[in-house]
Every structure is written in C-alpha cells, then in structure tokens.
Amino acid sequence: MNRRLALAALLAAALPGCAGPSGIEAGPLQLSEAPPDAPMRAGYLTLINHGPGPRTLVGARSAAFGSVEIHRTETVDGVARMREEREIVIAPGATLVFEPFGRHLMLMQPHPSAPGAVAVELCFADGQCVTARER
Amino acid sequence: MTPRQRQFAAAAAAVAALLAGATLALLKQRTPAGPQSATVYNEPRPLPAFRLIGQDGEPVSREALRGRWSWLFFGFTHCPDVCPTTLAVLARAVERVPEDARPEVFLVSVDPERDSAPVLARYVAHFDPDFRALTGPRDEIDAFAEALYVAHARIPQGDTYTVDHFSGVFLVDPEARIVAVTTPPHDAAGIASDYLALRRARR
C-alpha cells in the first residue's frame with residue numbers, strides 16, 4: 001500500500017460519517033434502548049449511496065454479536081410483525097433508513113465481553129463492506 | 001414610507017394574515033380538543049379477572065389495577081425493536097405527568113416461556129425502576145390477551161422464534177376498566193397529554 005492509500009484508509013477509518021472507498025456513507029449507529037444485556041437489540045442508522053450505480057445490501061456482521069440480520073417491522077392494525085430482509089437495493093443517490101418500528105438490524109447473541117461502543121459492518125453483493133459505529 | 005412601500009407593506013401583511021389563518025386552520029384540524037392519538041372506547045371495558053405473576057414473583061390479580069391509572073403494553077424481552085422503543089416512550093411519557101398523577105406501567109409478556117419473573121424484573125427496571133411486569137402460565141396469558149383482543153403469534157426464526165403481537169398501549173382507569181388504546185407510532189407527549197385529558201374528563 002502506498003502512502004496516499006494508507007492515509008485514505010486511515011481517514012476513512014477515523015471518520016465513520018464519511019463515504020468510504022465503496023461510495024456508501026454509513027451514519028452513526030444507534031442501538032435500541034433495551035438493557036445492554038438484553039438477548040436481542042435493534043440497530044438503527046442511515047446508509048447513503050454516493051456511488052454512480054445501485055448497490056445491493058446483502059448482510060451485516062458485528063464482533064459484539066453472534067449474529068446480525070436485517071429485519072423490517074410492519075405494523076398492520078396495531079399488530080407488529082417482524083420479517084427478515086435478505087437483499088435491499090439502494091439506488092444511486094438514495095438513502096436507506098433503519099429506524100424504530102421500521103427496518104432495523106437485529107443484533108442477536110451479544111458477546112458479554114465485547115468492548116464498549118458497538119460497530120457493525122454492512123456488506124454488499126460486490127463483497128465490499130462499510131462500518132457503522134455507535135457514537 | 002412612500003405610497004408604494006405602504007402598498008407593499010399592506011400586501012405583505014395581508015399575505016401574512018392569510019398564511020397565519022391557514023396554518024391555524026391546519027393546526028386545528030390536526031389537534032382537535034381531547035385525545036390526540038388515543039382511540040377512546042365508547043363504554044369503558046372492564047378487564048377480565050386474571051391470575052398472573054408479577055416481576056417480583058408474587059401473584060397479581062385484577063384487583064392490583066384498582067385505585068390507580070395504568071398503561072398496559074403486551075410484549076416480550078426477546079423483542080429487539082418494538083418493545084424497547086415503546087417502553088422507552090412510556091418512560092418518557094411518565095416523566096411528563098405530574099408525580100402525584102403518574103400511572104403504573106405494566107409490560108404483559110406474550111412469551112412467558114422465556115420471560116420468567118426475574119428476567120422481566122431486570123428488563124423493565126432498565127426503563128424505569130417503578131415499571132411492573134406480568135407473566136404466568138401460557139393459558140392464563142392467552143386468556144387475558146384474548147379478552148383484550150390482543151393478537152399474538154409465535155413465528156419460527158431460524159432455530160429460535162419471535163412473537164408477532166399487538167403493540168398498542170391500553171389506558172386502564174382506577175376501576176380496572178380499559179378506557180382507551182393508542183396504536184403505534186407511539187409518542188411520549190401524545191400519550192401523556194391524552195392520559196391527562198382523559199383523567200380530567202373523569203373527574
């Protein structure tokens with residue numbers, strides 16, 4: 001890796017709010033207001049596609065949880081249903097929002113020894129991933 | 001002020017008045033007097049008799065809900081999104097109510113197999129140390145939920161399961177009767193002001 005690339009990588013790592021080399025900008029990660037040791041948490045964030053083409057989100061992972069899935073809560077007549085989403089296409093220029101009572105990361109099997117701030121990697125069909133971090 | 005400036009000022013004032021009127025009309029439409037987000041029952045519906053277990057492991061019956069207003073929410077601790085969000089909203093709603101008028105908050109578990117009393121005690125205390133929780137035998141939970149028309153269904157998810165459930169918040173009066181229900185999206189200010197309005201109407 002040459003020096004300029006190393007600097008870019010360092011900057012990308014230091015500024016979680018900026019678009020990385022993948023062209024996807026991940027906003028800060030917020031966890032649901034559940035107890036820290038709750039068996040399941042939800043993660044909320046926004047992803048912006050700054051790239052020229054559509055991108056397909058295919059999964060997520062985190063060192064702090066055994067398993068991470070993408071889910072969507074749908075509320076019909078007051079009944080909340082939660083279903084997994086396996087692929088989500090983000091059009092160029094579009095923002096994908098993860099929010100309470102909507103699409104969210106479902107964070108399962110918390111590792112009790114995981115350090116403070118949680119980071120989640122969001123991975124795309126082309127193999128690239130972006131990281132969202134808790135503030 | 002020149003005549004032209006005066007003309008302009010008058011026109012600007014007219015436009016401002018029009019805008020203000022339109023905004024007020026819109027606001028009035030959006031915030032009618034009375035409850036903003038709750039659906040109020042025409043006739044308060046008495047809670048059914050039940051025998052459940054509180055977060056302290058002690059039996060709880062309908063009598064425990066007499067003498068005080070309560071918010072009742074059905075959920076479960078393995079619920080990542082809807083339940084913690086709603087309980088956090090209820091914790092903020094409680095804070096908006098004067099201390100001497102604060103309602104009790106009950107989480108009724110729709111997942112009693114995983115939600116034992118100690119599990120629930122730890123869970124609800126995170127949101128507010130005064131929050132209470134109800135669990136119990138499956139048939140008692142089912143009967144209680146059915147009487148309130150609370151739909152809930154266990155949905156397999158990999159090697160575990162989640163629970164689809166009605167995520168409205170019930171308002172129960174001091175005679176243990178349901179007077180209103182609020183469906184999501186929940187907002188603390190709306191839930192608190194609806195409660196205070198309904199409480200005042202009862203006096």
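Values in this text are rule-based calculations from the coordinates and carry no lab data. What you are looking at is a predicted structure, and each value in this text was computed from that prediction instead of being measured. All Cβ positions, glycine included, derive from the backbone under ideal geometry; neighbour counts span all protein chains shown.
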>> Restricting to the stretch A:78-105, name every residue that is away from chain B (no Cβ under 14 Å) and of a type in the set (Asp, Glu).
In response: A:Glu87
>> Can you tell me which residue is surrounded by the fewest Cβ atoms within 10 Å (Cβ to Cβ) among those in the stretch B:95-121 that are of a type in the set (A, V, I, L, M) and touching a residue at least 60 places away in the same chain (Cβ under 8 Å)?
In response: B:Ala101
> When you scan the stretch B:139-191, how many residues do you find that are at positive phi and within 11 Å of chain A (Cβ to nearest Cβ)?
Replying inline: 2
> With the stretch A:23-135 as the region, which strands (runs of 3 or more DSSP E) entirely inside it contain at least 3 residues that are closer than 20 Å to B:Ala88 by Cα and free of Cβ contacts under 8 Å to residues at least 24 places away in the same chain?
Replying inline: A:79-84
>> All but one of (1) under 28 Å from A:Asp37 (Cα atoms); (2) crowded, with 17+ Cβ neighbours inside 10 Å; (3) away from chain A (no Cβ under 14 Å); (4) not β-branched (Val, Ile, Thr) hold for B:Arg199; state the number of the condition that does not hold.
In response: (1)
> Within the stretch A:89-103, can you find the residues that are surrounded by fewer than 16 Cβ atoms within 10 Å (Cβ to Cβ) and either in contact with a Cys (Cβ under 9 Å, 6 or more places away or on another chain) or farther than 15 Å from A:Thr73 by Cα (or both)?
Replying inline: A:Val89, A:Ala91, A:Pro92, A:Gly93, A:Ala94, A:Thr95
>> So, in the stretch A:104-132, how many residues would count as being surrounded by fewer than 15 Cβ atoms within 10 Å (Cβ to Cβ) and within 15 Å of A:Arg41 (Cα to Cα)?
In response: 6
>> I want to confirm something. Restricting to the stretch A:51-99 and keeping residues that are of a type in the set (Ser, Thr, Tyr) and more than 20 Å from A:Ala125 (Cα to Cα), which single residue is nearest to the chain's Cα centre (by Cα)?
In response: A:Thr73
> Can you find even one residue in the stretch A:54-70 that is of a type in the set (Asp, Glu) and more than 10 Å from chain B (Cβ to nearest Cβ)?
Replying inline: no
> Which residues, taken from the stretch B:119-138, are within 13 Å of chain A (Cβ to nearest Cβ), in a helix (DSSP H, G or I) and not small (Gly, Ala, Ser)?
Replying inline: B:Val119, B:Leu120, B:Arg122, B:Tyr123, B:Val124, B:His126, B:Phe127
> Out of the residues in the stretch A:106-134 that are within 14 Å of another protein chain (Cβ to nearest Cβ) and aliphatic (A, V, I, L, M), which is nearest to A:Arg72 (Cα to Cα)?
Replying inline: A:Met106
